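Notes follow once the structure below has been shown.
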Amino acid sequence: MIAKAQKPATADAYVAGVLSGDRAKLARAITLIESRNADHQRMAQEMLTQLLPRTGKSLRIGISGLPGAGKSTFIDAFGSMLTAAGHKVAVLAVDPTSSRTGGSILGDKTRMARLAIDPHAYIRPSPTGGTLGGVARATREAILVCEAAGFDVVLVETVGVGQSEITVAEMVDFFLVLMIAGGGDELQGIKKGVLEIADMIAITKADGDNARRAEITAKDYQHALRIITPNSPTWTPPVATISALENKGLDALWDRIVQHRRLVTMSGERDEKRRNQQVRWMWSLVEDRLMTRLKALPSVKALEKDVGAGKTTPVLAMEKLLATFSKGE
């Protein structure tokens, strides 16, 4: 007997799958978001439009840190603590570099041993082979899907460095930066920009012989933060020491995050921040789409050659390019 062909999934079916809490259907919904197929993209937007009324209630936490800071170990311990307290935790990753380096996202997932098998947690690697803009778009929309599925805490991990940290900070409510105690040169290796967007700094691996060094490093960062104007008038970024292996300081860290949420919610900053994030996201999408269309114009390569050869100035080339674009040529 020949099996009947499966009907193509509809946006309604994806919505029902997400709302049912079924992990496999949730995964398929996020895969739909990540697809570059035009039909899939249209269906994904239809699905998201239906899910929007059920989104926005989670606490979105961005997590970054230098290599060796123990992000995976921290997320595993921190997320497990939260699920044990009754929360549903989703972990999403922003890793635009994984296609070039092979990445460590899947390895990170295996290192999150407890969360990987926790029925109240969901871990989703970022799509490989994507640009930062593409991965960020997919992650932003995956946050909405996870919220609609009932996850009340969404952890967004940035695996890359530099611009990816700024990008993650632009999609979360609280940005946590993990640091390690070293030989006294920690502050020389951290960019001021990261300190400016951090809502909290946690010195990891504060256990055993390293505990004392972690405390000293924490004081160094506290001094450094004093010369940086805080993002919020109601919140001064604290510095803490934690140990994921010993579960030390994780509950106090969570208390600080909850305190931050309470303060910025009362002041109206949280809602204003989310509104601003949405508007900036819209314009970043506009810029990406316009750049894609501009670069696809036949005349672009010739203009690039003329600029490179010194036959015309970048300003004149830009004006000619925009004039051509407005005509649709």
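Ranked by solvent-accessible area (1.4 Å probe, protein heavy atoms only, all chains present), the residues V307, V264 order from largest to smallest as V307, V264. Summarising the amide proton neighbourhood of A93: residues at separation of 5 or more, or on other chains, whose placed amide H is nearer than 5 Å comprise R124, S126, E157.
Using a 1.4 Å probe on the protein chains only, how many percent of the accessible area of the range 246-329 belongs to carbon and sulfur? The value for the range 246-329 is 57 percent carbon and sulfur by accessible area. Here the simple spin-label model places points 7 Å from the Cα toward Cβ, and for S299 and N276 these points are separated by 3.9 nm.
Shown are L155, L316, whose ranking by accessible area with a 1.4 Å probe and every protein chain present, most to least, is L316, L155.
Modelled label positions at R28 and D306, each set 7 Å beyond Cα in the direction of Cβ, lie 5.2 nm from each other. Take the chain with all the other protein chains still there, run a 1.4 Å probe, and you get 53 Å² of accessible area per residue. Of the DSSP H helices in the chain, those that are both long (alpha-carbon extent of 15 Å or more along the helix axis) and hydrophobic (Kyte-Doolittle mean at least 0.5) are 71-84, 132-148, 314-327. With Cα atoms defining each centre, the range 234-310 and the range 21-91 are spaced 16 Å apart in the structure. Counting only heavy atoms of the protein chains and using a 1.4 Å probe, K88 has close to 60 Å² of accessible surface. For the range 184-324, the extents of the C-alpha atoms along the principal axes are 63, 39, 30 Å, listed from largest to smallest. Cβ under 14 Å from S284's Cβ, S284 left aside: what net charge do those residues give with Lys, Arg +1 and Asp, Glu -1? Local net charge: 0. Full extension of the segment from M291 to L322, taken as 0.36 nm per residue of separation minus the current Cα-Cα distance, would add 10.0 nm. When M291, M47 are compared by accessible area of protein heavy atoms, the largest-first order is M291, M47, using a 1.4 Å probe. Once the convex hull of all Cα atoms in the chain is built, its volume per residue stands at 200 Å³. Summarising the amide proton neighbourhood of K248: residues at separation of 5 or more, or on other chains, whose placed amide H is nearer than 5 Å comprise S243.
The values are calculated or read from the model by the stated rules, or taken from the named source; none is laboratory data. Predicted model only: the values in this text are computed from it and were never measured. Ideal geometry is used to build each Cβ from the backbone, glycine not excepted, and the neighbour counts take in all protein chains shown. Just the protein is used for accessible areas: all its heavy atoms, side chains included, with ligands, DNA and RNA removed. Shrake-Rupley method; radii C 1.70, N 1.55, O 1.52, S 1.80 Å.
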